[in-house]
Amino acid sequence: MYKVFVALAIGIILLNWVWQLFKNFGLGAGIEAEDPVRLSIRSVLFILLAYFSDGIVDTVLKIGGTPYHWIMDSDLPALSFSTGLRPPYPPASGGTCTNLPLQRAAFLRVTSSAQ
């Protein structure tokens, strides 16, 4: 399947290259066209990039994929969600809250909703 995509990419680049070169025949009729030398160099460059894209992507993944593998392969400490946690709000069961600004905010919320 990969070879099909590479062939399609090279075919589209060749089609564009031929089309742009044929536009140079219409320069006398007022059609704008690119410089054929620059166009040919650019087209050959992109054909080579499309042809060797598998090796290029493999090289980029070897370089850029290493930090990703460091993060994904590292052993992270286990998290405990049941010890040492205190809720940031007053308990609904009638318990006490030691955070004074939070007590005031809860009191104001309860008294304003009662009115």
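Details
- Test: residue in the range 57-67 that is at pLDDT 80 or above, in a helix (DSSP H, G or I) and under 19 Å from Val4 (Cα atoms): yes
- Which listed residue, of Tyr2, Tyr51, is surrounded by 10 or more Cβ atoms within 10 Å (Cβ to Cβ), modelled with pLDDT of 65 or more and out of contact with any Phe, Trp or Tyr (no Cβ under 7 Å at 6 or more places or on another chain): Tyr51
- Consider the range 34-72 and keep the residues that are within 25 Å of the chain's Cα centre (by Cα) and among the acidic types (Asp, Glu). The one that is nearest to Val18 (Cα to Cα) is Asp54.
- Check on Val37, assigned to a helix (DSSP H, G or I) and either at pLDDT below 65 or surrounded by 10 or more Cβ atoms within 10 Å (Cβ to Cβ) (or both): no
- Filter pass, Ala106 being of a type in the set (A, V, I, L, M), at pLDDT below 80, assigned to a loop (DSSP other than H, G, I, E, B) and over 30 Å from Gly11 (Cα atoms): no
The values are calculated or read from the model by the stated rules, or taken from the named source; none is laboratory data. As the structure is a prediction and not an experimental result, all values here were calculated from the model. Note that we place each Cβ from the backbone using ideal geometry, even for glycine, and neighbour counts take in every protein chain shown.
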